[in-house]
1. With every protein chain kept in place and ligands, DNA and RNA left out, what is the accessible area per residue of the chain? Probe 1.4 Å, answer in Å².
2. To the nearest 20 Debye, how big is the dipole of the stretch 411-540 about its Cα centre, given +1 on the beta carbon of each Lys and Arg and -1 on that of each Asp and Glu?
3. Kindly report, to the nearest 10 Å², the accessible surface of residue 536 as traced by a 1.4 Å probe over protein heavy atoms only.
4. Leaving ligands, DNA and RNA out of it, report the carbon-plus-sulfur percent of the accessible area of the stretch 303-364 at a 1.4 Å probe.
5. Leaving out ligands, DNA and RNA, and with a 1.4 Å probe, what % of the accessible surface on the stretch 174-226 is carbon or sulfur?
6. Along the charge dipole of the stretch 54-180, which of 110, 62, 154 sits closest to the positive end, that is, farthest toward it, with unit charges on the beta carbon of Lys, Arg, Asp and Glu (+1, +1, -1, -1)?
7. Of the peptides 593-599, 577-583, 545-551, how do they stack up when ordered by the mean number of other Cβ atoms within 10 Å, highest first?
8. Express the relative contact order of the chain as a whole percentage, based on alpha carbon pairs under 8 Å and six or more residues apart in sequence.
Amino acid sequence: MRKCGFEPLGTGWLWAGWGALMLLGSCANMATPNGGPYDEMPPKFLRSTPVFHATRYEGKRIEIVFDELVQVERPSENVIITPPQKKPPVVRVAGKKVRVELKDTLLPDLTYTIDFTNSIADNNEKNMLENFSFAFSTGDVIDSLEVAGIVLNAENLEPMPNILVGLHRNPADSAFTTEPFFRTSKTNERGRFVIRNIAPGSYRLYALNDVNRDYRFDQPGEEIAFHDSLIVPYFEFAVRQDTLWKDSLTVDTIRMVDYTHFLPDDLILRLFKEKFRRQYMLRPERTQPHLFALKFNAPVDTLPELTLLNGDPPEAGWYLTQRLDGNTTLNCWIADSTVWQQDTLFLQVAYLKSDSLNILRPQTDTLRLSMRRQPPAQARRRTKKNEPEPVEYLLPQLKPGAPAEPADTMALLFTEPLSGFTKEQLLLELQQDTLWRPVDFTLLQDSADILKYYLLRTLQYGENYRLTIDSAALHSLYGKWNNAFQTTLGIKSKDEYGHLYLHLEGVREPAFVELLNASDAPVRKATVERGGALFMNLGPGKYYARLVLDANGNGVWDTGNYAEGRQPEVVFYSPKLYEMRANFEVEETWDVLSVPPTAQKPAEITKNKPKDVTKKKRNYKEEGRSQSGSSSGLGGLGF
């Protein structure tokens, strides 16, 4: 009889089952569970003491509870209390709780905000809770207005992270330098900021790279930005779309949602550092008997006056000055042999030095410059071996190297000052067919670098030049002469170049355009003339473009000055890549006002890119293999 489909199997089932178990036990790998999917969600706020947006709060301790274990990254840097406090708060983490202990007195009838920026994350996967802030009030009202925007580097439009942004209720310009911010926030890695819990009114807006963390601009080296007009926060009710998804590809519902839109939310602050460098002299060096160097931390506009204190006073012109590194290094070549043959020189240097107020004042220093002579033992060894003194020739160098550009200028560089150098000592020839014919040129010494001489001549496409200097034709001040010298220089042909012309729209002021390489570094510059910028003789390659409104017409980008109320010169980037090919002429139109500053700079040359926050997906199959172990027999089944 059968009941419910059950049929007795007899005793044979036991042996068959035993064999099956034996087979399973010998073949199965018992894997450790892989722990399930990654936690990809940031921590969630659960509750707090006091409650969120509490009023009339008089305590000194805030405790915030989340739904999982959390951590706060660099709280002293990333957690901002506003209005700022003189004594910094103490931020601690205990499991799922974040505790903030206030060490300063709370002012009455004010809304306080604890802005955690992006410092809170869960303890395991480091999922960041972005833009979390906690607010409470010591009065009866929670201020709720907001303003938002972005901070950009004024010179290159890079988004600037970790910059303090603040509001002042005091409209006076002096508030930025004498008072701490009234309400503050900090830019995220994209340079964006939101200042929350603002009371109705008008404010001054600033940005500050706050080196000494005192919430005011009191260090000349700090980077700053200021908004020209007053900021008046307000809000309006608006509607936006809210999309619900069934999965990552399928839309479930699109609905319209009411929300409060806080304005202004598109503020742009252009960060700059004022032109400031204290002027003082660094440690001098005497690297050769006839050469000593005076080095300064900033360019010197007025050359120092040197007075020799030991020996008989030398004649005027006893040294020649070579200015290098943008006038920060002055090489002084001693022309008087009675001076440079002395082992020790005592000099009086009169120059301008910055005082505590950064005002240049006359300063006089006395220097002792010593030159180490060759040790006697080495000199005796050379004499004993009867080795001849090696000849050190005067070595000229022709720049630029081959191949040259038509816009280049030929220059001869030397390692020591020359004595009686004239153009007649040089032979410059131009190749015509197979013959070399002498050509004329103008010889001109560089006004700053006395070791550089220009051979001025207009260069043409495809020309080949040869420069010849006879042996011993040139002599230095110190007795060196040149060996026979000959070199050639070729100019690129016309079909190796491309030409670019940019029609510029929206430009009504003096301006210049720079072409940039992939590193955002300028490679060419052209002044805007008659509504355009022309770039001739461009080598094949990829270029980007930056335009500078040159207010003072000096051909360089100039920074701002807060005391003078002067903003830095305005910069525009072309969002387009210009790809040049040989023997091509390209014309492009660029409307500099067509794209907002926040979207102008191409991503390829933007350095401050946001970090990739995409989680790396787990390979569960590989995890299972790596964590598994082999189990033979019946041990794994508990027998």
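The values are calculated or read from the model by the stated rules, or taken from the named source; none is laboratory data. Quick caveat, the model's predicted, so the values are computed rather than measured. Because the Cβ atoms are built from the backbone with ideal geometry, glycine has one as well, and the counts that use them run over all protein chains shown. The area values use the complete protein model at the heavy-atom level, side chains included, leaving out ligands, DNA and RNA. Shrake-Rupley method; radii C 1.70, N 1.55, O 1.52, S 1.80 Å.
1. Solvent-accessible surface per residue comes out at 58 Å².
2. 80
3. Residue 536 exposes around 80 Å² with every protein chain in place.
4. 49
5. Answer for the stretch 174-226: carbon and sulfur cover 47 percent of the accessible area.
6. Most positive-ward Cα: 62.
7. 545-551, 577-583, 593-599
8. Relative contact order for the chain comes out at 11 percent.
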